[in-house]
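Below is one structure; the comments refer to it alone.
The values are calculated or read from the model by the stated rules, or taken from the named source; none is laboratory data. Bear in mind that the values here come from a model prediction, so they are computed numbers and not experimental data. Cβ coordinates were reconstructed from backbone atoms using ideal geometry, including for glycine residues, and neighbour counts include every protein chain displayed. We work out accessible area using only protein heavy atoms, side chains counted, and drop any ligands, DNA or RNA first. Shrake-Rupley method; radii C 1.70, N 1.55, O 1.52, S 1.80 Å.
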Amino acid sequence: MSAVGKSANCVRSGDGDARNTEAWLPGIPHILPHGKVFTIQIGSESFLLSGASISSDAPSYFSEWFGRQLANQDDKQHVKPLYIDRDPETFRDIVRHLQGYHIAPRDGPHFVRLFADAQFYRIPKLMSQLFESEIFISIGSQHFQINRDLFNSPGNSPNYFTLGFAVFFSSPGEVFPGLNREGLLRPPSILPPEVPGRSAEIFREILHLLRGYPVQIRSPEHRQQLLRDCKYFHLKGLEQTLIPHEISYNPKRGRHEILIRLEDIKPSGISFCADHPAPPPDGSGRPVYVPGWVHYARPYVDEQPRELILEISGEHTHIDWRHSRAEFIGTTNQLITGLLQVITNKLALPISTEWPMGLKMIERMNNVNTSSTGPSSPGNTPLSDDKVKVHLGPECYISMDGEEFYDREGIPTVEIERENATSIDAGVFDGRTGSDTGRSEGVGGGGGGASPIIWPNSQYGSLSRPASTKSQSVGPSSHPRKRLKRKGSMEEGGEWMIKRGQWRLRIQTVHGPDGRATRLEAIMVGVKLEAFSGEHGRNSSRAFLN
């Protein structure tokens with residue numbers, strides 16, 4: 001007889017007097033006689049359990065087995081033992097649970113054995129305890145024990161573990177649904193949960209982050225590994241904290257800003273901040289338009305939105321500086337189109353019927369291989385033409401062919417409306433400047449009213465940066481200021497290729513000939529650009545292979 005069986009035999013002193021037994025075990029239901037001892041044979045070992053121990057977590061397979069015998073036999077003292085061909089070592093932990101001790105799984109295999117046998121024996125309290133206990137899983141051939149409380153932060157639940165674990169074990173009540181246990185000696189085997197195709201080292205760092213500790217990002221590749229596994233395990237909140245971003249306060253503008261890549265934008269984080277409250281309707285029935293800036297808050301992470309600065313990389317942006325228009329190609333064009341349509345939805349503007357974009361388009365941001373069934377163009381949104389208007393003011397830093405670009409005489413720019421009484425950009429604004437009555441025809445044409453382009457002259461000297469204080473001498477060691485008039489810029493169609501660019505997104509009103517606002521339009525306001533003036537400039541940045 002096992003040691004556990006001997007210790008269980010001590011309750012036999014109350015055999016035959018169930019009422020005396022219930023007097024000192026008041027919290028246990030009277031399913032089986034508390035003082036009676038029952039024999040359970042598990043594999044090669046016999047266990048003696050009192051009716052009180054079996055009844056403490058019932059109804060179960062044991063209580064039903066012995067209860068039927070007691071109900072069908074005249075001689076209540078002789079009950080046949082129950083034999084089950086299972087692991088006695090695992091059952092020893094179950095006996096301790098029935099005797100009132102707390103048991104905890106040691107690792108993944110031990111958890112699976114306990115959970116499977118608790119389900120097979122239909123021990124309800126133990127099943128519930130194990131189902132709500134820590135998660136045991138093997139990742140990259142290493143065992144992990146995960147506290148469920150780690151996933152309480154916003155955006156991190158439900159996830160791969162909470163959902164996958166529940167599906168793996170069906171439900172707290174049944175891991176073998178539909179299995180007939182009558183006369184069954186052995187339930188089907190199950191394997192511990194395992195994710196062999198993931199890195200144990202990366203997952204250990206993810207757990208470190210979930211516990212609130214910082215992890216040093218060693219390289220962009222390391223960040224991508226963390227982000228890839230966060231996406232795989234559906235840890236959306238943690239993913240938002242890991243994406244490349246920068247949060248700062250701009251004292252010149254008096255605003256908090258967030259710099260984030262275009263491909264990392266989520267529709268739920270986009271918002272619009274108007275320059276001022278909307279004026280009351282004038283009674284004409286026309287909609288009231290208010291200009292403002294696009295803001296962004298990372299989902300699950302940021303409590304307040306900040307002014308958005310988009311970063312666009314990959315040489316997918318071409319600027320026609322003669323007409324202040326930007327053209328986007330490839331996946332960047334799809335992302336910009338989706339972003340403008342989401343802003344359209346936020347502003348409750350009419351949705352274009354030419355080609356439905358909406359949230360469906362921006363959801364393709366995370367899957368660049370998704371095939372499109374139609375054309376993607378910012379012109380399919382109410383906020384822009386096919387080529388988006390851009391504003392390159394004196395505050396925009398431009399690096400042209402690897403050198404800072406100073407002289408901007410002859411470069412037109414789209415005017416930006418004033419915000420209340422504070423001018424965003426130096427220049428003249430009369431309420432109609434930079435507006436037109438409808439979509440422009442062609443790249444730089446206007447429908448009616450004033451031209452959307454302001455051509456600077458001596459009257460608008462503030463549109464170019466102050467003269468450089470550096471020496472302008474020309475010699476072997478001198479670096480003259482970067483000028484616009486050169487082959488590759490003026491003679492190649494007036495188009496710049498943008499290697500990397502940072503942009504604010506302005507939504508402003510378009511005024512008709514009568515000075516009334518007729519609609520809203522999107523203008524990308526340059527913050528910092530790394531540009532090539534043409535093929536010559538791009539080739540100059542090429543590096544030779546090692």
**Asked** Of 235, 259, which residue is surrounded by 14 or more Cβ atoms within 10 Å (Cβ to Cβ), over 25 Å from residue 520 (Cα atoms) and touching a residue at least 12 places away in the same chain (Cβ under 8 Å)?
**Response** 235
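Could you tell me whether residue 191 is under 20 Å from residue 90 (Cβ atoms) and either in a loop (DSSP other than H, G, I, E, B) or modelled with pLDDT of 90 or more (or both)?
yes
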**Request:** Give the number of residues within the range 221-232 that are over 18 Å from residue 298 (Cβ atoms) and in contact (Cβ under 8 Å) with a residue 12 or more places away in the chain.
**Result:** 3
**Request:** Scan the range 392-440 residue by residue and report those that are at pLDDT 50 or above, farther than 17 Å from residue 325 by Cα and hydroxyl-bearing (Ser, Thr, Tyr).
**Result:** 397, 399, 406
**Asked** Of the residues that sit in the range 502-512 and are in contact with a Gly (Cβ under 7 Å, 6 or more places away or on another chain) and open to solvent by less than 10 Å² (accessible area, probe 1.4 Å), which one is farthest from residue 263 (Cα to Cα)?
**Response** 512
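Does residue 319 satisfy the condition of being β-branched (Val, Ile, Thr), touching a His at 6+ places or on another chain (Cβ under 6 Å) and at pLDDT below 95?
Values: β-branched (Val, Ile, Thr): yes; touching a His at 6+ places or on another chain (Cβ under 6 Å): no; at pLDDT below 95: yes.
Criteria not met by residue 319.
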**Fill in**
For residue 364, the lone unmet condition from (1) open to solvent by 20 Å² or more (accessible area, probe 1.4 Å); (2) charged (D, E, K, R); (3) within 36 Å of the chain's Cα centre (by Cα); (4) modelled with pLDDT of 80 or more is (4)
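With respect to residue 306, is the statement that it is in contact with a helix residue (DSSP H, G or I) (Cβ under 9 Å, 6 or more places away or on another chain) and of a type in the set (D, E, K, R) true? Let's see the steps before the verdict.
Details: in contact with a helix residue (DSSP H, G or I) (Cβ under 9 Å, 6 or more places away or on another chain): no; of a type in the set (D, E, K, R): yes.
Answer is no for this residue.
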**Asked** Where residues in the range 312-344 are in contact with an Asp or Glu (Cβ under 8 Å, 6 or more places away or on another chain) and acidic (Asp, Glu), which of them is most open to solvent (accessible area, probe 1.4 Å)?
**Response** 327
**Asked** Of (1) open to solvent by 50 Å² or more (accessible area, probe 1.4 Å); (2) at pLDDT 85 or above, residue 389 satisfies all except one. Which?
**Response** (1)
**Message:** Which condition from (1) within 30 Å of residue 240 (Cβ to Cβ); (2) among the small types (Gly, Ala, Ser); (3) out of contact with any strand residue (DSSP E or B) (no Cβ under 7 Å at 6 or more places or on another chain) is the one that residue 116 breaks?
**Reply:** (1)
**Prompt:** Residues of the range 221-232 being open to solvent by less than 10 Å² (accessible area, probe 1.4 Å) and under 9 Å from the mean Cα position of the chain (by Cα), which ones?
**Reply:** 230
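Please return the ranges of strands (runs of 3 or more DSSP E) entirely within the range 196-299 where 2 or more residues are in contact with an Asp or Glu (Cβ under 8 Å, 6 or more places away or on another chain). Break it down stepwise before answering.
Details: elements: 245-250, 255-261, 270-274, 292-296.
It comes to 245-250, 255-261, 292-296.
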**Prompt:** From the set of residues in the range 116-147 that are aromatic (Phe, Trp, Tyr) and farther than 19 Å from residue 53 by Cα, which is modelled with the highest pLDDT?
**Reply:** 144
